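Following: one structure in C-alpha cells, then a few remarks.
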Amino acid sequence: MRITTSRLYLREFEMVDLPAVHQYESDPEVVRYVSYGPYTEEECCKDLAFHVAHQSEQPRTFFHLAIILRSEDHLIGWCGLQITNRQLREAEIGYALHRHYWGKGYMTEAAQAMLEYGFARHNLHRIFGTCHPENHASVRVMQKIGMRMEGHLRENRWSKGAWRDSLLYAILDHEWQKPYHIKTV
C-alpha cells in the first residue's frame, strides 16, 4: 500500500526502517506526550515487528504507515489508522514525526491523506484522535484537518507512572473534504 501526496508518500513499514524509526521513537521530545517511549532499540524493534506483522492481518485493523519525504526519500515519521469498531465504522488516527521536520506542515499533509484513505477506501463514518492537553502541535494538526474537539477526558490514561488527561477530537464522514488529491496504490 502506498499513498502519495504533494510532498510525501506513505508506505508500509519494513524491518530495514528500524534505524530511522529508532531516531524519532527514542527522542524524549518526540514521545513527550504519548504513552510509550522513549524506546530502546530493542523496544523499537518489537514495536516495528508488530506493525509489519499486522500488515497481512485479515481483516486488517492497523494501517500504520511510514511517512517518506519525497524530496529526500527519507523516512521522517509515521501516521496511521486503527479501526477500533468495524460495526460502527470508526477508527483512531495517530502519528509521530522526527523533531527535525516539525513545523513544516508534513504531519497535517500526512494526516489529511489518512483521513481520505479511511473515509474513501474503508467507508468509515468517524475518525477520532486523542492527545495530551499540553500537546498544542497535535491539537493544531487535528484542527487543521477538520477535526473538532468533542471533550476533555479526565485521567483516562495511565502513562509513564501517572494518570493523565486527554483531549478528544473527531471528524465524521459527511464533514470531511478532500483537499489534498492523494493517489493510493
ask   = Does any residue in region 69-85 that is over 12 Å from residue 13 (Cα atoms) come within less than 8 Å, Cβ to Cβ, of a residue that is of a type in the set (Lys, Arg) and at pLDDT 95 or above six or more places away or on a different chain, and which pairs are these?
value = 69/7; 70/7; 71/7
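Quick one: would you say residue 138 is among the polar types (S, T, N, Q), touching a His at 6+ places or on another chain (Cβ under 9 Å) and at pLDDT 95 or above? Explain how you work it out, then say what you get.
Working: among the polar types (S, T, N, Q): yes; touching a His at 6+ places or on another chain (Cβ under 9 Å): yes; at pLDDT 95 or above: yes.
Judged against the criteria, residue 138 is a match.
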Among the candidates 119, 62, residue that is crowded, with 18+ Cβ neighbours inside 10 Å and either under 22 Å from residue 15 (Cβ atoms) or at pLDDT 95 or above (or both) = 119
query = Among the residues of region 90-101, is any in contact with a strand residue (DSSP E or B) (Cβ under 7 Å, 6 or more places away or on another chain) and farther than 19 Å from residue 137 by Cα?
reply = yes
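Being at pLDDT below 95 and among the hydroxyl-bearing types (Ser, Thr, Tyr) is true for just one of 159, 166. Which residue is that? Step through it out loud before you land on a result.
On the way: 166 fails: at pLDDT below 95.
Being at pLDDT below 95 and among the hydroxyl-bearing types (Ser, Thr, Tyr) holds for just one of 159, 166, which is 159.
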Residue that is over 19 Å from residue 5 (Cα atoms), among the β-branched types (Val, Ile, Thr) and not in a helix (DSSP H, G or I), where the choices are 93, 68, 127 = 127
Output for region 89-113, where each listed residue is out of contact with any Ser or Thr (no Cβ under 9 Å at 6 or more places or on another chain) and over 17 Å from residue 169 (Cβ atoms) = 89, 97, 98, 99, 100, 101, 102, 103, 104, 105, 106
Selection from region 8-30 of residues that are over 11 Å from residue 66 (Cα atoms) and exposed (fewer than 15 other Cβ atoms within 10 Å of the Cβ) = 15, 16, 19, 28, 29
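Take the conditions assigned to a strand (DSSP E or B), of a type outside the set (Gly, Ala, Ser) and without any contact (Cβ under 8 Å) to a residue 24 or more places away in the chain and apply them to residue 58. Does it pass? Lay out the reasoning, then the answer.
Details: assigned to a strand (DSSP E or B): no; of a type outside the set (Gly, Ala, Ser): yes; without any contact (Cβ under 8 Å) to a residue 24 or more places away in the chain: yes.
Here the answer is no, as residue 58 does not meet what is asked.
Suppose the filter is crowded, with 21+ Cβ neighbours inside 10 Å and touching a residue at least 40 places away in the same chain (Cβ under 8 Å); does residue 91 pass it? Walk me through it before giving the result.
On the way: crowded, with 21+ Cβ neighbours inside 10 Å: yes; touching a residue at least 40 places away in the same chain (Cβ under 8 Å): no.
Spelling it out, it is not the case that residue 91 is crowded, with 21+ Cβ neighbours inside 10 Å and touching a residue at least 40 places away in the same chain (Cβ under 8 Å).
The values are calculated or read from the model by the stated rules, or taken from the named source; none is laboratory data. Predicted, not measured: the structure shown is a model, and the values here were computed from it. For neighbour counting, all protein chains shown are included, and Cβ atoms are generated from backbone atoms with ideal geometry for every residue, glycine included.
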